[in-house]
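Colleague: This is the structure, below, for whatever I ask next.
The values are calculated or read from the model by the stated rules, or taken from the named source; none is laboratory data. If you're wondering where the values come from, they're calculated on a predicted model, not measured in any experiment. FYI the Cβ positions are ideal-geometry reconstructions off the backbone, even for glycines, and counts take in every protein chain you see. SASA here: full protein model, heavy atoms, side chains in, ligands and nucleic acids out. Shrake-Rupley method; radii C 1.70, N 1.55, O 1.52, S 1.80 Å.
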2 protein chains.
Amino acid sequence: MRIGEVAEKAGVSVRALRYYEEQGLLQAGRSPGGQRHYPDTAVGRVRLIQQLYAAGLPSRVVRKVLPCVDSGEEKAPPELLDQMAVERVRVDQRITDLLAVRDQLDDVIAIARDPDSDCSHVE
Amino acid sequence: MRIGEVAEKAGVSVRALRYYEEQGLLQAGRSPGGQRHYPDTAVGRVRLIQQLYAAGLPSRVVRKVLPCVDSGEEKAPPELLDQMAVERVRVDQRITDLLAVRDQLDDVIAIARDPDSDCSHVE
DNA sequence: CTTGCACCTGACGTCAACGTCAGGTTCTAG
DNA sequence: CTAGAACCTGACGTTGACGTCAGGTGCAAG
């Protein structure tokens, strides 16, 4: 597959794919003329990258996590595992933050919809 | 309170506070000499702003949400409420993404710790 | 009145994750 | 063989949330 097809199937821009390669997140073979070509698995990998980005993980984290997730998990060296655990904690913290924010939004929405209900969070 | 004290109590930089004012997120009175002074409530408001940022909300969302959360929720016009609902959905989506990522991390960590357990997610 | 720290206003720098434009090449269809 | 779509490599532009530096001012203490 060439870059355009991968981009379309994965729902990202061609520029993004070249950027991922530049960042070492996605390898590509080259045709004699210099054009990139990807295996079918590339689409899935790009989707994975997108998922990690969508979750708000910074690129340095993606860089650390990707090799573990796709290139056979059993090869992960212990120090890398520690990093993963650290990131796991960070993700968890972020989830907690988001839940709190969601609750705040729910409060405001509920109060606005039904002003007579008491504002219990102020006590 | 002057800006330095607020910054320290809220755990952010002085520059950040000036930035918030510039963005219309945080008002401040001025001394005759031109120095900003804040009420005690400013610290809490800054913490709220930080929480929203920490959750990954973009500034435009914070801009929309803040007036509802602190200046008396009952005044919120319906169109603003719709926006809040939209953002609520976005936050929810983000939580879902993060949960998926966390599960992936857990999988990788679990497999690495205990390679004999079967990789059930691949079936 | 002077020292000196906290404060002020610009204004340019930074980093990430691409967008976009310029100028040239490769590949495919007819 | 030729048009033109898809690709290539730089390289500069963008947005958000500030960092940082320059050059000047407010204010409490001695």
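Colleague: Scan the helices (runs of 4 or more DSSP H) fully inside region A:1-97 and keep the ones with 2 or more residues being within 14 Å of chain B (Cβ to nearest Cβ).
Modeller: Qualifying helices (runs of 4 or more DSSP H): A:41-54, A:59-70.
Colleague: Does B:ARG2 meet the test of being within 16 Å of DNA strand C (Cβ to nearest atom) and open to solvent by 50 Å² or more (accessible area, probe 1.4 Å)? Write out each step before concluding.
Modeller: Working: within 16 Å of DNA strand C (Cβ to nearest atom): yes; open to solvent by 50 Å² or more (accessible area, probe 1.4 Å): yes.
So B:ARG2 fits the description; yes.
Colleague: Answer yes or no: is there a residue in region A:54-63 that is in contact (Cβ under 8 Å) with a residue 24 or more places away in the chain and on the phi > 0 side of the Ramachandran plot.
Modeller: At the first step, the residues of region A:54-63 found to be in contact (Cβ under 8 Å) with a residue 24 or more places away in the chain are A:55-57, A:59, A:61-63.
If we keep only those that are on the phi > 0 side of the Ramachandran plot as well, we get A:56.
So far as region A:54-63 goes, yes, one or more of its residues are in contact (Cβ under 8 Å) with a residue 24 or more places away in the chain and on the phi > 0 side of the Ramachandran plot.
Colleague: Now for a separate question. Assuming A:ARG102 fulfils every condition listed in (1) assigned to a helix (DSSP H, G or I); (2) over 30 Å from B:PRO77 (Cβ atoms) apart from one, which condition is it?
Modeller: (2)
Colleague: Further, regarding this structure: When you scan region A:68-81, do you find a residue that is modelled with pLDDT of 90 or more, open to solvent by 30 Å² or more (accessible area, probe 1.4 Å) and among the acidic types (Asp, Glu), even just one?
Modeller: Scanning region A:68-81, I find no residue that is modelled with pLDDT of 90 or more, open to solvent by 30 Å² or more (accessible area, probe 1.4 Å) and among the acidic types (Asp, Glu), so the answer is no.
Colleague: Here's a follow-up. Being over 15 Å from the mean Cα position of the chain (by Cα) and near DNA strand C (Cβ under 8 Å from one of its atoms) is the filter; apply it to region A:23-66 and report the residue that is nearest to A:ARG90 (Cα to Cα).
Modeller: Going through the qualifying residues, I end up with A:GLN35.
Colleague: Taking region A:13-27 as the search range and keeping residues that are more than 12 Å from A:ARG45 (Cα to Cα) and among the aliphatic types (A, V, I, L, M), which one is surrounded by the most Cβ atoms within 10 Å (Cβ to Cβ)?
Modeller: Residue satisfying both the conditions and the ranking: A:ALA16.
Colleague: Looking at A:ASP107, A:ASP103, which is the one that is facing chain B (nearest Cβ under 9 Å), more than 18 Å from B:ALA100 (Cβ to Cβ) and open to solvent by 40 Å² or more (accessible area, probe 1.4 Å)?
Modeller: On the way: A:ASP103 fails: facing chain B (nearest Cβ under 9 Å).
Unique residue meeting the criteria: A:ASP107.
Colleague: Can I ask one more? Would it be correct to say that B:ALA54 is open to solvent by 40 Å² or more (accessible area, probe 1.4 Å), of a type in the set (A, V, I, L, M, F, W, C) and at pLDDT below 95?
Modeller: Values: open to solvent by 40 Å² or more (accessible area, probe 1.4 Å): yes; of a type in the set (A, V, I, L, M, F, W, C): yes; at pLDDT below 95: yes.
It is true that B:ALA54 is open to solvent by 40 Å² or more (accessible area, probe 1.4 Å), of a type in the set (A, V, I, L, M, F, W, C) and at pLDDT below 95.
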